[in-house]
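Peer 1: Sending over a structure as structure tokens; questions will come in a sec.
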Amino acid sequence: MKIFAIGLNYMSHNIEMERMFEESDPVLFMKPDTALLKEGKPFFLPDFSEEIHYETEVVVRINRLGKNIEERFAHRYYNEVTVGIDFTARDIQRKQKEQGLPWEIAKGFDNSAAIGTFVPLSEFGGVDNIHFHLNINGEKVQEGNTREMIWNVDKIISYISRFFTLKIGDILFTGTPAGVGPVKIGDHLQGYIQHQKLLDFKVK
Ligand code: MG
């Protein structure tokens, strides 16, 4: 099972990260299966970072085997969606970026890919106009809509499948909008798509 993730896919977040341009291709990275955090289990703050950030993202699950998928057929390869958190050790990521080094230790550590309950996409009439948000301790801290994506899900899937065979059960984090920020011990995270709460866990 593979976890794909897209960086810099919302201009509002690119601006907050001081990347005020669109890349010519999607920015793709991966997390190992040990990064998965699900079923409401708590996220334990790791000891190697002083700055763990949440990034709230729409997540889709691959439901067919595929390679070299044309964009116009990409919608056939997923039919469920949830909201997830791409946990990021921002201090480490900053250092890696400055030195031109890979991001894995900042992005792929244990439990860095929190996902909620998957629901059928048919409930939302497709993936390209989904509002999502994150509450921490009952306050809304981040929100976005998938229509603001620079590369939509079909484009991303077509792109990924040029390099990697997609398999049933692979999941895709589709990028975060503006509003990322730190988490601390005791925080209660609740993620929503539209008005449905699909993600609910605590930081310990
Ligand atoms: Mg992200």
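Peer 1: Could you grab me the full set of residues in the stretch 56-75 that are within 16 Å of the ligand (Cβ to nearest atom) and touching a helix residue (DSSP H, G or I) at 6+ places or on another chain (Cβ under 8 Å)?
Peer 2: 58, 60
Peer 1: Can I ask one more? Can you say whether residue 139 is closer than 16 Å to residue 29 by Cα and among the acidic types (Asp, Glu), as far as the supplied structure shows?
Peer 2: no
Peer 1: Would a scan of the stretch 72-88 turn up a residue that is assigned to a loop (DSSP other than H, G, I, E, B) and crowded, with 20+ Cβ neighbours inside 10 Å?
Peer 2: Yes: one or more hits.
Peer 1: I'd like the residue in the stretch 135-171 that is of a type in the set (Asp, Glu) and open to solvent by less than 80 Å² (accessible area, probe 1.4 Å) and, out of all such residues, is farthest from residue 2 (Cα to Cα).
Peer 2: Of everything passing the filter in the stretch 135-171, 154 is farthest from residue 2 (Cα to Cα).
Peer 1: Which strands (runs of 3 or more DSSP E) sit wholly inside the stretch 101-204 and have at least 1 residues that are in contact (Cβ under 8 Å) with a residue 60 or more places away in the chain and of a type in the set (Phe, Trp, Tyr)?
Peer 2: 131-136, 171-173, 188-193, 196-202
Peer 1: Related question: For the stretch 76-128, which positions are of a type in the set (Phe, Trp, Tyr) and either more than 27 Å from residue 42 (Cα to Cα) or within 15 Å of the ligand (Cβ to nearest atom) (or both)?
Peer 2: 77, 78, 87, 103, 109, 124
This table checks each residue for (1) outside any helix (DSSP H, G or I); (2) more than 11 Å from the ligand (Cβ to nearest atom); (3) open to solvent by less than 10 Å² (accessible area, probe 1.4 Å); (4) not aliphatic (A, V, I, L, M).
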{"residue": "1", "(1), (2), (3), (4)": "yes, yes, no, no"}
{"residue": "5", "(1), (2), (3), (4)": "yes, no, yes, no"}
{"residue": "12", "(1), (2), (3), (4)": "no, yes, no, yes"}
{"residue": "15", "(1), (2), (3), (4)": "no, yes, no, no"}
{"residue": "19", "(1), (2), (3), (4)": "yes, yes, no, yes"}
{"residue": "25", "(1), (2), (3), (4)": "yes, yes, no, yes"}
{"residue": "30", "(1), (2), (3), (4)": "yes, yes, no, no"}
{"residue": "34", "(1), (2), (3), (4)": "no, yes, no, yes"}
{"residue": "41", "(1), (2), (3), (4)": "yes, yes, no, yes"}
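Peer 1: In the stretch 62-87, what residues are under 18 Å from residue 131 (Cα atoms) and in contact (Cβ under 8 Å) with a residue 60 or more places away in the chain?
Peer 2: If we filter the stretch 62-87 for residues that are under 18 Å from residue 131 (Cα atoms), which is where we start, we get 79-86.
Passing the criteria: 81, 82, 83, 84, 85, 86.
Peer 1: Out of the stretch 167-180, which residues are within 25 Å of residue 32 (Cβ to Cβ) and within 17 Å of the chain's Cα centre (by Cα)?
Peer 2: Correct list: 169, 170, 171, 172, 173, 174, 175, 176, 180.
The values are calculated or read from the model by the stated rules, or taken from the named source; none is laboratory data. A quick note: this is a predicted structure, and the numbers were derived from the prediction, not measured. When we count neighbours, we look across all protein chains shown, and the Cβ atoms used for this are built from the backbone with ideal geometry, even at glycine. Just so you know, the surface numbers come from the protein's heavy atoms only, side chains and all, with ligands and any DNA or RNA stripped out. Shrake-Rupley method; radii C 1.70, N 1.55, O 1.52, S 1.80 Å.
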